[in-house]
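The values are calculated or read from the model by the stated rules, or taken from the named source; none is laboratory data. These numbers were taken from a predicted model, which means no experiment stands behind them. Reconstructed Cβ throughout: ideal geometry from the backbone, glycine too, with neighbour counts over all protein chains shown. Just the protein is used for accessible areas: all its heavy atoms, side chains included, with ligands, DNA and RNA removed. Shrake-Rupley method; radii C 1.70, N 1.55, O 1.52, S 1.80 Å.
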Amino acid sequence: MKRYNPTEIEPKWQKFWDDNATYVADLNSDKKKYYAMSMFNYPSGAGIHIGHAMNYTISDVMARFKRQQGYESYHPVGWDAFGLPAENFAIKSGISPQESMKKIIPGYHKQYKAMGWSNDWSKEIATHDPQYYKWTQWIFAEMFKAGLAYQDSRMQWWCDKDKTVLSNEQVIDGKCWRHDSSDDPLVAKREIKQWFFKITDYAEELLEATDALDWTDTVKLAQKNWIGKSQGAEIDFVVEDSGQKIRVFTTRPDTLFGATFLVMAPEHPVLAKLTTHDQKQAVDTYVTESTKKSELERMENKEKTGVFTGSYAINPATNKKVPIWVADYVLYGYGTGAIMAVPAHDERDEEFAKKFDLPVVQVVGDDDCMKGSGKFDGLDVNKAREDIVSWLESESVGESKTTFKIRDWSVSRQRYWGAPIPIINCPTDGAVLVPNEDLPVVLPELDDFAPSGDGRSALARADDWLKVKCPKCGGDAERETDTLDTYICSSWYFLRYLDPTNDEKIFDSNIANKWQPVDFYNGGDHATAHMIYARFVTRFLHKKGLIDNPEPFKRFLFNGKVTAADGQMFSKSKGNGVDPLEIINSGYGADSLRTYLMFAAPLDLWVRWDEQGVPGTYRFLNRVWTLVQEYDEASEGEKSDAMLRTVHWAIKKATADIDDQKYNTAIAAMMELTNDLYKIKVKDNYGDRANWKFALESLVALVAPFAPHMSEELWQQLGHDTSVHRDSWPQWDDTYLASDTMTIAVQVNGKLRAEIQVSADASDDDIKSQALAQDNVVKFVGDNEPLKVIYVPKKLVNVVAK
RNA sequence: GCGCAGGUGGUGGAAUUGGUAGACACGAGAGACUUAAAAUCUCUUGGCCGAAUAGGCCGUGCGGGUUCAAGUCCCGCCCCGCGCACCA
């Protein structure tokens with residue numbers, strides 16, 4: 001008997017699938033989900049593509065496997081794209097993941113090398129995909145034409161390790177998203193001129209559309225919080241003497257009469273103007289110190305700090321003088337960067353007022369009605385809010401205003417890799433778009449990829465590439481040296497996948513509309529950034545009339561991750577990671593690992609790594625294997641249909657569970673089926689060839705999404721010459737699930753006292769009287785007449801007695 | 001602080017959404033095979049009483065409640081985890 005040996009089987013089928021990629025991906029099959037799961041035949045799929053992400057090893061594993069498979073490089077779009085959803089797209093579009101991977105692989109390693117990363121794969125030479133860059137650049141160009149891409153100089157997060165700016169979304173706990181280990185530095189802010197996408201223009205509609213999404217509430221809420229809409233008013237305070245206006249944003253215009261001082265952010269541009277001579281030194285010192293502090297330090301220090309500017313403004317409602325302070329608890333990036341402080345009705349202002357002994361004036365009573373607010377006294381706060389805003393507007397000292405927390409998306413990166421921004425900077429014409437016919441702008445080959453040190457990328461040194469003629473005036477000009485955030489690439493790859501070879505346009509709308517939106521998108525760690533960007537770009541393309549549906553993903557599941565046994569995240573610096581390759585190569589194989597990761601817990605739960613887990617699923621796969629081997633060696637014998645009931649039950653259960661993304665219970669059903677078949681084969685010794693063939697084929701096909709290699713091998717052994725991954729999903733037949741008898745639980749006062757077997761067509765009364773006749777029921781009911789007998793059809797009888 | 005999701009055996013987790021709690025697996029124990037071990041196969045495994053695969057009592061974080069019936073619903077606590085966090 002042949003033994004189960006993953007080390008031998010897995011490479012064999014990997015090669016087979018590589019050679020027959022389009023054959024495996026069958027567009028016409030309606031077994032989408034099944035395909036989606038089983039398609040990805042790289043062993044790395046164990047860790048990544050079929051569920052729980054082993055978070056820290058993603059890059060390494062991908063790179064190593066790409067190299068094993070003969071690919072020279074990979075890209076984040078790559079691993080995003082290779083996930084479950086990507087397989088979906090690959091299938092829908094009729095191309096294989098391998099094929100799509102070849103399409104979408106811009107360079108990466110060169111930059112890593114430049115960063116001094118030590119991974120051996122960084123030695124590899126990068127390749128770029130001009131086609132993919134071309135359409136990413138085209139999106140930039142269209143955004144630019146629509147006024148949605150603009151350049152601005154502002155303070156921006158800066159990662160010293162990558163020598164690049166980061167978006168707000170890429171800063172996690174004060175650290176760069178790529179460098180977030182304990183030994184990595186905190187990021188700081190720098191003033192840099194860079195490109196932005198005006199995602200704020202879409203804030204309102206992104207927010208409004210969020211509720212209708214069929215996503216989990218947690219993720220929807222994260223999106224809403226990130227967009228962070230607040231309604232309120234902007235109000236002008238005039239500085240005494242100078243006449244300078246200071247505009248503040250508040251969500252509580254009703255408390256205007258209680259505004260007893262103003263607070264400005266240290267970065268506020270008019271601050272210097274209104275600081276008095278006496279206070280100048282104190283203010284300057286404070287501003288310098290607080291800008292030096294990282295935002296994280298500012299947040300950690302909850303103790304309020306601040307300095308008086310020496311100036312006063314007039315509260316437009318009370319006409320009273322209120323002092324103007326500077327304090328870093330006011331954020332320059334939000335609202336107007338200045339606030340009216342109402343210590344009576346705002347905790348933070350109250351804290352500040354207490355510390356610096358500033359006046360507190362109550363303007364809302366316990367009854368939620370206004371007081372001390374002149375003609376607005378007695379009004380309900382909600383009414384007062386409206387009335388005060390109308391009054392402000394009529395007096396031209398303020399207006400109703402809605403503010404969002406979300407900022408424009410910073411898309412410039414000072415990295416070598418990534419699609420170059422298709423802009424030419426001309427001394428006379430300014431920023432000029434590279435004409436469409438000149439796209440793509442391809443990265444030049446360089447020997448040294450380190451950033452140029454002046455805040456620009458390595459591209460600044462590529463003279464031949466850099467120096468060009470202005471498309472408008474023909475004069476000498478230079479290319480933009482920033483490249484685009486790779487998040488842009490991952491914001492639309494799912495659309496390109498549908499039509500990956502189109503040279504004419506970004507994708508064909510008819511094809512895209514046929515498949516969009518994505519039915520089921522499974523990812524990790526993408527509750528905000530990626531999901532908001534992808535929604536934004538899709539909406540933009542929708543507005544351009546390229547795609548009907550403005551939302552990219554119908555369902556989104558944020559899968560859990562595997563953590564170390566102590567619950568901590570895997571991390572390189574802690575050295576507590578688990579390398580999927582080690583497990584695979586130690587003889588258990590990728591199939592066992594994949595199956596374990598799916599079996600350990602529901603997909604959205606985080607699981608702790610358990611060393612015993614993979615041996616467990618290996619044992620299960622081994623049992624499946626053995627069944628097929630023994631069947632092969634057994635000979636014709638007695639007829640038997642003992643296995644059919646359990647087979648049909650398992651097909652039904654597993655199919656429903658997989659549809660529901662309940663992979664753990666689907667696998668449990670397959671294990672039950674296997675255990676049952678073991679018991680049956682002892683009795684009939686595989687005598688009924690036809691029934692056993694059906695049973696084993698069904699089992700193998702069910703297991704295939706989780707253990708694609710082994711199933712393929714067994715499928716061939718069972719006499720097929722087509723792939724198990726092609727239209728093999730078994731059908732169940734309900735007639736085998738019907739039973740002549742059923743088991744009814746019998747309770748007395750809700751406690752289980754007996755079980756009875758009754759025929760399936762027994763009448764309710766019959767069942768009730770049988771239940772009442774049980775010895776144990778009689779014992780507990782006693783002599784008294786039962787008060788009530790409840791029969792829950794096909795389940796239980798509950799006798800209510802005194 | 002705000003929000004979200006949870007709390008079930010020694011462990012990971014099941015439970016058709018109000019209907020037999022603990023599926024399946026890990027771990028543990030026993031047996032078969034073996035010179036032996038590993039592998040494999042079979043059985044046992046929530047706690048307590050009991051010879052029992054007779055039956056009983058207790059049991060889903062804690063305290064109350066609704067119901068014929070509560071892991072599931074309601075009220076009040078406690079504890080872990082995650083996300084956001086000086087957003088005016």
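Things worth noting here:
- Residue under evaluation A:Val238, criteria (1) within 11 Å of RNA strand B (Cβ to nearest atom); (2) farther than 21 Å from A:Lys405 by Cα, criterion not met: (1)
- Whichever residue in the range A:680-714 is open to solvent by 20 Å² or more (accessible area, probe 1.4 Å) and more than 16 Å from A:Val647 (Cβ to Cβ) and, among such residues, is nearest to RNA strand B (Cβ to nearest atom): A:Val682
- Condition check for A:Glu636: open to solvent by 20 Å² or more (accessible area, probe 1.4 Å), within 11 Å of RNA strand B (Cβ to nearest atom) and either more than 19 Å from A:Ser698 (Cα to Cα) or assigned to a helix (DSSP H, G or I) (or both): no
Let's see how each residue does on (1) surrounded by 12 or more Cβ atoms within 10 Å (Cβ to Cβ); (2) more than 7 Å from RNA strand B (Cβ to nearest atom):
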position	(1), (2)
A:Thr743	yes, no
A:Gln747	yes, no
A:Gln774	yes, yes
A:Leu787	no, yes
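- Evaluation of A:Leu546 against the conditions (1) under 23 Å from the mean Cα position of the chain (by Cα); (2) among the hydrophobic types (A, V, I, L, M, F, W, C); (3) at pLDDT 90 or above shows that the sole unmet condition is (1).
For every residue, the table says whether it meets (1) outside any loop (DSSP other than H, G, I, E, B); (2) more than 28 Å from A:Asn382 (Cα to Cα); (3) more than 9 Å from RNA strand B (Cβ to nearest atom); (4) free of Cβ contacts under 8 Å to residues at least 12 places away in the same chain.
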position: A:Thr291; (1), (2), (3), (4): yes, yes, yes, no
position: A:Asn319; (1), (2), (3), (4): no, no, yes, yes
position: A:Trp325; (1), (2), (3), (4): yes, yes, yes, no
position: A:Gly335; (1), (2), (3), (4): no, no, no, no
position: A:His345; (1), (2), (3), (4): no, no, no, no
position: A:Glu350; (1), (2), (3), (4): yes, no, yes, yes
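- Complete set of residues in the range A:327-358 that are buried (at least 18 other Cβ atoms within 10 Å of the Cβ) and in contact with a Pro (Cβ under 6 Å, 6 or more places away or on another chain): A:Asp328, A:Asp349, A:Ala353
- Qualifying positions in the range A:393-421 - in contact with a strand residue (DSSP E or B) (Cβ under 8 Å, 6 or more places away or on another chain), of a type in the set (D, E, K, R), within 16 Å of RNA strand B (Cβ to nearest atom) and within 30 Å of A:Glu478 (Cα to Cα): A:Asp408
- Scanning the range A:301-322 for residues that are open to solvent by less than 20 Å² (accessible area, probe 1.4 Å) and not small (Gly, Ala, Ser) gives A:Thr309, A:Asn315, A:Val322.
- Test: A:Gln231 is within 30 Å of A:His530 (Cα to Cα) and either of a type in the set (Phe, Trp, Tyr) or open to solvent by less than 20 Å² (accessible area, probe 1.4 Å) (or both): no
- Being away from RNA strand B (no atom under 16 Å from the Cβ), on the phi > 0 side of the Ramachandran plot and hydroxyl-bearing (Ser, Thr, Tyr) is not true of A:Ser373.
- The listed residues are A:Ala650, A:Ala669, and the only one of them that is part of a helix (DSSP H, G or I), more than 9 Å from RNA strand B (Cβ to nearest atom), open to solvent by less than 80 Å² (accessible area, probe 1.4 Å) and among the aliphatic types (A, V, I, L, M) turns out to be A:Ala650.
- Failed condition for A:Trp391, given (1) open to solvent by 10 Å² or more (accessible area, probe 1.4 Å); (2) under 30 Å from A:Tyr533 (Cβ atoms): (2)
- Looking across the range A:242-287, just one residue is over 16 Å from A:Trp325 (Cβ atoms) and of a type in the set (A, V, I, L, M), and that is A:Leu256.
- Residues of the range A:208-236 that turn out to be touching a residue at least 24 places away in the same chain (Cβ under 8 Å), under 30 Å from A:Thr255 (Cα atoms) and hydrophobic (A, V, I, L, M, F, W, C), as a count: 5
- Looking across the range A:599-609, the residues that are part of a loop (DSSP other than H, G, I, E, B), near RNA strand B (Cβ under 6 Å from one of its atoms) and open to solvent by less than 70 Å² (accessible area, probe 1.4 Å) come down to A:Ala600, A:Ala601, A:Pro602.
- Residue that is least open to solvent (accessible area, probe 1.4 Å) [pool: residues in the range A:359-388 that are part of a loop (DSSP other than H, G, I, E, B) and without any contact (Cβ under 8 Å) to a residue 40 or more places away in the chain]: A:Gly365
- Considering only residues in the range A:236-285 that are among the acidic types (Asp, Glu) and on the phi < 0 side of the Ramachandran plot, the one that is least open to solvent (accessible area, probe 1.4 Å) turns out to be A:Asp254.
- Qualifying residue in the range A:306-313 (condition: assigned to a loop (DSSP other than H, G, I, E, B), closer than 19 Å to A:Ala272 by Cβ, within 12 Å of RNA strand B (Cβ to nearest atom) and at pLDDT 80 or above): yes
- Restricting attention to the range A:686-732 and to residues that are assigned to a helix (DSSP H, G or I) and of a type in the set (D, E, K, R), the residue that is farthest from the chain's Cα centre (by Cα) turns out to be A:Arg689.
- Annotation note: Cβ proximity below 7 Å between a residue of the range A:646-662 that is at pLDDT below 95 and among the acidic types (Asp, Glu) and a residue that is open to solvent by 30 Å² or more (accessible area, probe 1.4 Å) and within 13 Å of RNA strand B (Cβ to nearest atom) (sequence gap 6+ or interchain) occurs for A:Asp657/A:Thr665.
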